[in-house]
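To keep things clear, I will list the structure first and then write my remarks on it.
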Amino acid sequence: MRWVVLILLFFGAVINFADKSIVGLAAVPIMKEFDLSYAEWGLVGSSYYWLYPVTGIFGAAWADRLGAKKVLGSIMLTWTVLQFGVLAITALPFLILYRILLGAFEGPYSPIAYSHADKWFPPRLKGFANSVVVGGGTVGAMIVAPILVSLITIFGWKVAFAALGAASLVWFFLFQFLTKENPVEVHEEAQKKKAKLEKIKWKDFLALLASPTALFTTLAYFSTYILVVWFSVWLPIYLVEAIKMSPGQMGTSVAIIGVVSVCIYMGVSMISDRLFKKNQNWRLSRVYVVAGSMILGALFFSSIMVFQHPIWVVGAMCLAKGLTYAILPIGPTIMINEMQERGGLMTSILTSSGNIAGIIAPLVTGYIISLAGGNQLLGYNLSILFMASLVLAFGILFALFVKPVKLSGNQTTRQTGDIDLKSS
């Protein structure tokens, strides 16, 4: 059953991120149809995330209480309605309203999926399980790009959006009829956790969120999510306008970047899991692995400002995306570890805070490109420099300050690498 759950969570993430990214793949026809400027297009990209952080927190909290299966089913049906509703869009305000509502109901998916996968898998497989869910996001955002581009080219962008609505409806029925809420062996434990939810002390919870581990994990996730949004909203336009690819070459390149990057960050997650199984040290196996990947990925991403041959750009983006995305599957595992009885809420804080980047990134990128005037390449390079610097800085801070706890009996161990500092 755990593998059925994981596969369906994977495909749910495929739909979730395809919904996010199709607007970028359809950027050229949409901008032409509504006569949009770069700044207005940045507004469209940003609007998806205006309610995303808030609904992500509340949706995950409801899933902790009501069960992931019910909440995921409800939001998936809403995706179906909204995607079919695209057929009625006739102007920019309606397009923005659609993106706001879609973001509001898609916000809870990732934190609930991470938490749901976490309870089905043992510690030695948690990083891998979350990397599979994140992999679904990359598949939805990039690997299915040629299919979505073909639908947009042949049938128009509105029909392509509606096709994703049909996929959401199919997923709903499969998830409701083929999965269970909890593994049998942890059912009683899950009930005990629900009983504890009423006893949470918000003062202590807020203090936990302000701790270096939670704070810098969230900031690292935030910096990486700026790249997530850039790849979703701006990569297709960048490849066409700056690298001078044809739409077909762009679709193929986006797919290649997606496939290779999935292999890379799943590999990083498996290395992290293997190290954790060997030494049981969160800092060595989780923190240092992720931080090193983020730093290296930021360097590869910045290299495309200097080397702009299409082959190098695609290769560097494969490595940059794969390495920086390592925080996406492992970050939720670290946050859940800090308060395991509130797994959904903890991951929602992480993902929703990170998704604030979704509000900022499209607007900032559009503004930077506009500042460059007619020099589009300069504008794109400045946005790339900004994002690479941010990931590099927060990757270093993540390595320095994140020290996950290890619970053992009545003791809490804050792991610092080679030495464990214990407090009662």
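Computing FRET efficiency as 1/(1 + (r/R0)^6) for Ile360 and Phe173, where r is the C-beta to C-beta distance and R0 is 41 Å, gives about 0.65. With helices as the sole contributors, the chain gives -25500 deg cm²/dmol at 222 nm; each DSSP H run of n ≥ 4 counts as -39500 (n - 2.57), and the sum is divided by every residue. Working from the Cα coordinates of the chain, the gyration tensor eigenvalues give, after taking √(5λ), semi-axes of 34, 25, 18 Å in decreasing order. When Lys403, Lys244 are arranged by Cβ crowding within 10 Å, least crowded first, meaning fewest neighbours, the order is Lys244, Lys403.
Let me know the shape class of the range 58-151, please: from the alpha-carbon gyration tensor, a ≥ b ≥ c as square roots of the eigenvalues, rounded when a/c is under 1.5, otherwise prolate if a/b is greater than b/c, or oblate. Oblate. Once the C-beta distance of Phe34 and Phe307 is scaled by a Förster radius of 51 Å, the resulting FRET efficiency is 0.90 to the nearest 0.05. Its Cα gyration tensor gives the range 5-103 an equivalent ellipsoid, and the semi-axes of that ellipsoid, as √(5λ) in whole Å with the largest first, are 28, 14, 12.
Among the listed pairs Lys119/Lys180; Lys69/Lys119; Lys20/Lys69; Lys126/Lys403, give every one whose C-alpha distance is greater than 20 Å. Write out the running numbers ahead of the final one.
Numbers: Lys119/Lys180 12 Å; Lys69/Lys119 13 Å; Lys20/Lys69 22 Å; Lys126/Lys403 18 Å.
Lys20/Lys69, as the Cα separations exceed 20 Å there.
The residues neighbouring Thr217, those whose beta-carbon lies less than 13 Å from its own, together hold a net charge of +2 under the Lys/Arg +1, Asp/Glu -1 convention.
Residues in the range 57-73 carry Karplus couplings, in order, of 5, 5, x, 5, 5, 5, 5, 4, 8, 8, x, 5, 4, 5, 5, 4, x Hz; the curve used is 6.51 cos²θ - 1.76 cosθ + 1.60 with θ = phi - 60°, and Gly or Pro positions show x.
Hey, how much of the P(r) for the range 215-293 falls beyond 18 Å, as a percent of Cα pairs? Counting every Cα pair in the range 215-293, those more than 18 Å apart make up 56 percent. If I fit a long axis through the Cα atoms of helix 247-279 and take the longest principal axis of the Cα atoms of the chain, what angle between them do I get, 0 to 90°, rounded to 10? Its long axis makes an angle of about 10 degrees. Estimated from the Cβ-Cβ distance and a Förster radius of 25 angstrom, the FRET efficiency linking Ile396 and Ser211 is about 0.85.
Axis angle, to the nearest 10 degrees, between helix 38-47 and the longest C-alpha principal axis of the chain: 30 degrees. How far is helix 212-233 tilted off the main Cα axis of the chain, in degrees rounded to 10, range 0 to 90? The two axes meet at around 20 degrees.
Less than 5 angstrom separates the built amide H of Lys403 from those of Thr213, all sequence-distant by 5 or more or on a different chain.
Readers should treat all values here as calculations from the given coordinates under stated rules, not as data from a laboratory. As the structure is a computational prediction, the values presented were derived from the model and not from experiment. Neighbour counts run over all protein chains shown; Cβ positions are idealised from the backbone, glycine included.
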